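Read the structure below first, then the notes.
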Amino acid sequence: MKKIERVEWAVSNVMAMFLALMGILVFSNVVLRYVFNSGLTWAEEFSRFLFVWVVFLGAIGALKENHHLGFSSLVEALPGPVKKLCYVISQSLMLVCLWVLFDGSFEMTTLTIDTLAPATNIPLAFMYGIGIVTSVGMFLIVCCNLYRALFVKGAIDHLVHMKESEDDRIVDQLAGKGEGAK
């Protein structure tokens, strides 16, 4: 297994563990509230922290797989050099946004390192630290995509093409099966 595949596998497993833990905590809390008229005060807060981490880690994976929603119809219709220019400009703007995310997350993480969450006593830096992880992960992906767009022949068509919805993927799969049968 390549290093990048190991990282993807690890991130996917962490997300799965976080989701399972969230489900257990929320379900346990609901049962405790309705059956025993009590609850775990820290469970809601911890579940919220886990949810934020799952969302941000999922965003990294979606960017890597080019699964973020996008409107690429106009760019796909452009000639090759203009398409490449539009892609490079959009990725450059993403790098600027990722820098802003990194800078803000780093600032908030350092400011809240000594501030504890009320119910769990976990430093709030844990909540803001995911912004650093996300910005660095997405920065690496965007840089790799820019490299591919600029230096790998024909990669721009793959990079620009986005699925408009989940239904498009199903239609593409069905169409691919139909062509294979011919």
Step through the residues of the range 72-89 one at a time and calculate ³J(HN,Hα) from phi using the Karplus curve (6.51 cos²θ - 1.76 cosθ + 1.60, θ = phi - 60°), rounding each to whole Hz and writing x for Gly and Pro. 10, 4, 5, 5, 5, 7, 6, x, x, x, 5, 4, 5, 4, 4, 5, 5, 5
Fewest-first ranking of Asp114, Asp103, using other Cβ atoms within 10 Å as the exposure measure: Asp114, Asp103
State, to one decimal in nm, how far the label point of Leu93 lies from the label point of His68, with both points 7 Å from Cα in the Cβ direction. 1.1 nm
Just how many pairs of Lys in the chain have C-alpha atoms closer than 24 Å, counting pairs that are eight or more places apart or on different chains? 13
Taking 31-42, 52-63, 115-126 and ranking on average Cβ neighbours within 10 Å, highest first, one gets 52-63, 115-126, 31-42
Between helix 166-181 and the chain: long-axis angle, C-alpha atoms, 0 to 90°, nearest 10: 50 degrees
Which labelled figure in (1) 63, 45, 34; (2) 53, 36, 29; (3) 42, 39, 34 is Cα extents along the principal axes in Å, once derived from the coordinates: (1)
Specify the angular offset, from 0 to 90 degrees and rounded to the nearest 10, of the alpha carbon long axis of helix 125-151 from the longest principal axis of the alpha carbons in the chain. 10 degrees
The set of residues whose placed amide H lies less than 5 Å from the amide H of Ile122, leaving out same-chain residues fewer than 5 positions away, is Ala117
Can you show me the helix-derived [θ] at 222 nm for the chain, built from DSSP H runs with n ≥ 4 at -39,500 (n - 2.57) apiece and divided by the number of residues, rounded to the nearest 500. -27500 deg cm²/dmol
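No value in this document is a laboratory result; all are computed from the given coordinates. None of the values given here were measured: they were computed from a predicted structure. Because the Cβ atoms are built from the backbone with ideal geometry, glycine has one as well, and the counts that use them run over all protein chains shown.
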